[in-house]
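Structure record follows, encoded as C-alpha cells.
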Amino acid sequence: MKFFDLLRLVAGNLTRRKARVALTAVGVVIGTAAVVVLVSLASGLRQSASEQLYGIGDLTLIQVSPSYGGEGMYMGGGGAISSPSDVKLLTNSALEDFRAIPGVESVIPREYLMSSALIKFQKLEMYPNIIGIGTNDVADLGDTTDRGSTELGRGSIVIGVTVPQSFYDPNLRPGKEPPPPPDLFNQQVQMVVFKYDSEGHETRKNIALRVTGVLKETRGESDWAIYMPLEQVKLLNEWSQNRRFNYNKDGYSMAIVKVTDANQAMEVADQITAMGFQAYTPQSFLEGINNFFIILQVIFGGVGAIALLVAAIGIANTMAMSILERTREIGLMKAVGATNRDVLAIFLGEAAGIGFLGGLGGIAVGWLASQAINILASIYMANQAGQQGSGLPSVAAVIPLWLPVFALVFSTLVGMLSGLYPALRAATMVPVLALKYE
Amino acid sequence: MGGQVVRALDNVDVEIEEGTFTVVMGPSGSGKSTLLYLLGGLDRATSGEISIEGERLDQMDENALALFRRRTMGFVFQSFNLIPSMDALENVGFPMQFAGTNAKQRKIRAQELLAQVGLENRADHRPSELSGGQQQRVAIARALVNAPKLILADEPTGNLDTSSGSAVMRVLSDLHKAGRTVLVVTHDPRMTHFATHRIYLLDGRVVGEAEYESAALEALQIE
Ligand SMILES: Nc1ncnc2c1ncn2[C@@H]1O[C@H](COP(=O)(O)OP(=O)(O)O)[C@@H](O)[C@H]1O
Ligand SMILES: [Mg+2]
C-alpha cells in the first residue's frame, strides 16, 4: 500500500467520525497544552532567573568564611562555641595555605566596619557599606573603574556605581522633590563613626575621605560597596570596640580567593572546604539554580504527561470501539487482499492521527495560554516595578523552539502507542470470523 | 465452545475446473459458506488439502494467503460489504490500493468495471444511495478489479428481490461466458440454469442429485 494512499484513507476514516475523533482528541489537546504551558513557564522562570543572575559576580572569585564548628553559629565578641578543633579561623597562616593551592592567583582578606557610620556630602547623608580589603588595588577583586583609579591609599575610597543613589537629604521638607544622586568622583566626603560606652554615651570620630574611583556596574555586591584599605578599617574597629585585633590569632571575617581560571573555582573551593572552611562560589549557586529549574521542568512536564496518559487511555478506548464496529470492514479488507501489515498500518495511522490532531490543538491552546500568562505577568510586574524599581523579569512563559516540535511528535507517538493494541487485534483477526461478525 | 465438535465439512472432495460455472446447493447450515471460505483462503481447515493451480493454500502463511487472494480471487458476499463512506467508484477501486496501483489507474479501471456492470452513471453514489441490486453489482465490479481467475460468491442474491437477483445472476453468467471461473453458493434453484456444474451439500457431505432431491422432498413433507 502506498504511503500517500494510506494517509488519504486514514484521513477519510477520521473525517467520517468527526464528533468522536474530536471528543477523543480533546484529551490530547488538554495534555499537550498542559505540557506546553508548564514547560514554557519553567523555561520562562529559568530565563528570567538567568537574566537576574547576570553579573552575579566574577566567576574566578571564591568567598571563604571561617568555620566556628557545629552549625557554624557565631556567638559574637570573638568567642566561639564547640571544640577548638572544629574551629577554623582565617588567620594569616591559613591564607598562606590557600595561596599554596594550585590555581590560586591571590588571596585577599576583607573586613567589615563593626560600628555604625554615616557619610556626609554637602547637605546629603547615607549609611555606608564599608568593606576593608587587604590589597591596595580593588582590581584584584576583578573590579574595574568607570572613572578614576582602582588603587587605594590612606584617606581614599573607591565606591560602587550605585552608592550615590543611597544619599538623601535629612532636612528635606515633605512634598519637595528629593535631590538627584550626587556626583562624588574626586569629591571629599566626611565619614562619621560612632562609638557608645557602657552608659550609652556617644563618641564620634570624623574622617575626611576622597573618592578616587567609581567602579563599573557589576550587578553584584560591589555596586553598593565602599572599599577602603583593610588597615584603616582595622584601626576604626579597634577604636570602636576598644580592643586590639590580632589577625594571626583571631583571623579575618572573610577572605576572597581569586583563581586564575574560572573552571578551577569549584575544585579549589572543594579543597578549601576540605580544609574545614566555608567556601562559596557563584558556580555552586548557578548550579543549584539550574538543578532547581530542571526539577521544575520535570515536575511540570510530568503533570502534562499524566494528562496525556489519561488521553492515551481515551484513544485506546475509541480505537477499540471503532475496530469492533468495523469488524466486517476489516474482514472485507482482508478478503480483497489487505495484508495484516496493511490493516495494522491503517489503524495505527488513525490512532496517530487523533494524537497528531490533539497535539496541534494542544500547541495552539498552550501557546494562547502562555501569551495570556505573559500579559497577566507583565501587568503584575508593572505594579511591582512601581514599588521596587527595575530588575524584574520581562517574561513569565517562554516557548523554546523545540517545544512545539517535541509536543507534536510526542502526542503523535502517544496516539500511535495507545492504538497499538487495538490495531494489532484488528490486524490479526481471522478473516472469516471478521466477515461473519454481526 | 462446549465439548460439541461441529464438523462443518467432512470428507469433502471436490474439483473445480477452469472456466466452469459451479453452483453449490444445500440447505442452511450444510456447510456451503465454509466450503467457499476455505477455497478462498479466508478460513483454514483442521485437516485436508486445498490447492489452486497447484499452490497449496493450506500450507501458506497469512501474508502469502493475503497476496494470493489479491492476485487470484474476487469475493461477492450476501450482504455486499461495501464501505458506506466511499462512493461506488471508490469502493470498486479500493482493493487496488493494497496492490499499490496509483490513483489515476484505479479510477480508469473502476470506471471501466462500473460500465461493465451497467452502473457507469452511478459512480459518485454512496451505497446508501443505491438499491440492493445496484450495490451487489458494485460489489461484483469490486471483485473483478484485480482481474482474478476465480470469482467466489456467497449467496449473492440472498438479500435481493427477484428481478434484482436475476440481474446479478446475468452479470455473473456474463463473467463466466467471458472465460472466468465462477463458484456461487446459493439455495436459489434458478441459479442452476446458468451452471455448468453443481455440487450438492447435506450436513457437510457432498451428495448426488438424487439423494439431495429426496432429502429436499422429505423436508417439504415435514413442513
Ligand atoms: N466459526 C464457527 N464455529 C463453529 N461452528 C461453525 C462456525 N461457522 C459455521 N459453523 C457451523 O458449521 C456448519 C456450516 O455452516 P455454514 O458453512 O455457514 O453453512 P451454510 O453457509 O451452508 O448455511 C453449521 O452447522 C454452522 O453452525
Ligand atoms: Mg452461508
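The values are calculated or read from the model by the stated rules, or taken from the named source; none is laboratory data. The structure displayed is predicted, hence computed values, not measured ones. Neighbour counts are summed over all protein chains in view; Cβ atoms, including those assigned to glycine, are modelled from backbone coordinates with ideal geometry. All accessible areas refer to the heavy atoms of the entire protein, side chains included, with ligands and DNA or RNA removed. Shrake-Rupley method; radii C 1.70, N 1.55, O 1.52, S 1.80 Å.
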- Taking the Cα centre of chain A as the origin and placing charges on Cβ (Lys, Arg +1; Asp, Glu -1), which of A:L209, A:T412, A:G366 is farthest toward the positive end of the dipole? A:T412
- Any idea how far the Cα center of segment A:216-274 sits from the one of segment B:176-192, in Å? 106
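First measure r as the distance between the Cβ atoms of B:L217 and A:R16, then evaluate 1/(1 + (r/R0)^6) with R0 = 45 Å and state the FRET efficiency to the nearest 0.05. Don't skip to the answer; put the middle values down first.
Numbers: r = 50 Å, r/R0 = 1.11.
So the FRET efficiency works out to roughly 0.35.
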- Message: Can you tell me what share of the DSSP beta bridges in the protein assembly as shown is antiparallel? A percent to the nearest 5 is fine.
- Response: 65
- Task: Treat each spin label as a single point 7 Å out from the Cα along the C-beta direction, and report the B:L67 to A:Q190 distance in nm.
- Result: 10.5
- Task: On a C-alpha basis, how far is the centre of segment A:351-381 from the centre of segment A:125-151 in Å? Whole number, if you could?
- Result: 49
- Test assert for segment B:54-96: residues whose accessible surface shrinks by at least 30 Å² between chain alone and all chains, 1.4 Å probe, equal B:E62, B:A66, B:R69, B:R70, B:F77, B:N81, B:I83, B:S85, B:F94
- Given H placed on each backbone N at 1.01 Å, which residues far from A:E105 in sequence or on other chains put an amide H within less than 5 Å of it? A:K258, A:V259, A:T260
- Message: Using a 1.4 Å probe on the protein heavy atoms only, what accessible surface does B:S214 show? Give it in Å² to the nearest 10.
- Response: 60
- Message: Need one number: nm distance between label points at B:E209 and B:T162, each 7 Å from Cα along Cα→Cβ, rounded to one decimal.
- Response: 2.4
- Note on the structure: Residue by residue through segment A:425-438, the couplings from Karplus 6.51 cos²θ - 1.76 cosθ + 1.60 with θ = phi - 60°, in Hz, x for Gly and Pro, are 5, 4, 5, 9, 4, 6, x, 5, 5, 4, 5, 8, 4, 9
- Looking only at B:L82, B:L130, B:L183, which one moves most when chain B is put into a Gaussian network model with springs between Cα atoms under 10 Å? B:L130
- Query: For chain B, which whole percent of the accessible surface, found with a 1.4 angstrom probe, sits on carbon and sulfur atoms?
  - Reply: 46
- Item | Residues A:Y168 and A:E202, FRET efficiency given R0 of 22 Å [Cβ-Cβ distance, rounded to 0.05] | 0.50
- Message: Are there any residues in segment A:306-348 with a reduction of at least 50 Å² in accessible surface when going from the isolated chain to the assembly of protein chains? Probe 1.4 Å, please list them by number.
- Response: A:R328, A:L332, A:A335, A:V336, A:G337, A:T339
- Message: As a test question: what accessible area, to the nearest 10 Å², does A:D146 have when a 1.4 Å probe is rolled over all protein chains in place?
- Response: 90
- Query: In whole Hz, what ³J(HN,Hα) sequence does segment A:193-207 give by Karplus (6.51, -1.76, 1.60; θ = phi - 60°), x for Gly and Pro?
  - Reply: 10, 9, 9, 10, 8, 4, 8, x, 6, 9, 10, 10, 10, 9, 10
- Task: Collect residues whose amide H, placed 1.01 Å from N in the peptide plane, falls under 5 Å from the amide H of B:G40; neighbours closer than 5 in sequence don't count.
- Result: none
- Query: For segment A:223-230, what does the Karplus curve 6.51 cos²θ - 1.76 cosθ + 1.60, with θ = phi - 60°, yield as ³J(HN,Hα) per residue in whole Hz, taken in order and with x for Gly and Pro?
  - Reply: 4, 9, 8, 10, 8, 9, x, 4
- As a check on your grasp of the helix formula, calculate [θ] at 222 nm for the protein assembly as shown: sum -39500 (n - 2.57) over DSSP H runs of n ≥ 4, divide by the residue count, round to the nearest 500. -15500 deg cm²/dmol
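Relative contact order, percent, of chain B when contacts are C-alpha pairs under 8 Å separated by at least 6 residues?
The normalised contact order for chain B reaches 34 percent.
Give the B-A buried accessible area in Å², both sides summed, 1.4 Å probe, nearest 100.
Numbers: alone 12190 and 23300 Å², together 33270 Å².
About 2200 Å² of accessible surface is lost on pairing.
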- Item | Average accessible surface area per residue within segment B:21-222, 1.4 Å rolling probe, Å² | 44
- Put a dot 7 Å past each Cα toward the Cβ at A:M275 and A:E96; how far apart are the dots in nm? 1.2
- Query: Given the protein chains as shown and a 1.4 Å probe, how many square angstrom of A:K120 are accessible, to the nearest 10?
  - Reply: 70
- Quick one: pull the percent of accessible area on chain A belonging to carbon and sulfur, 1.4 Å probe, ligands and nucleic acids left out. 60
- Message: Can you list residues from other chains, or at least 5 along the same chain, whose modelled amide H is less than 5 Å from the amide H of B:V207?
- Response: B:Y200, B:L201, B:L202
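Remind me, relative contact order of chain A in percent, using alpha carbon pairs under 8 angstrom and six or more residues apart?
Values: 775 pairs, mean separation 128.0, N = 438.
Rounded, it is 29 percent for chain A.
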- Item | Full-extension gain in nm, A:L433 to A:A262, via 0.36 nm per residue minus C-alpha separation | 54.3 nm
- Note on the structure: From the Cα centre of segment A:6-43 to that of segment B:35-99, the distance in Å is 36
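Go through A:K205, A:K234, B:K177 and list them by solvent-accessible area, largest first, probe radius 1.4 Å.
Details: A:K205 80, A:K234 40, B:K177 155 Å².
Descending order: B:K177, A:K205, A:K234.
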- Note on the structure: Residue-normalised value, i.e. accessible area per residue, for segment A:60-280 at 1.4 Å probe, in Å², stands at 52
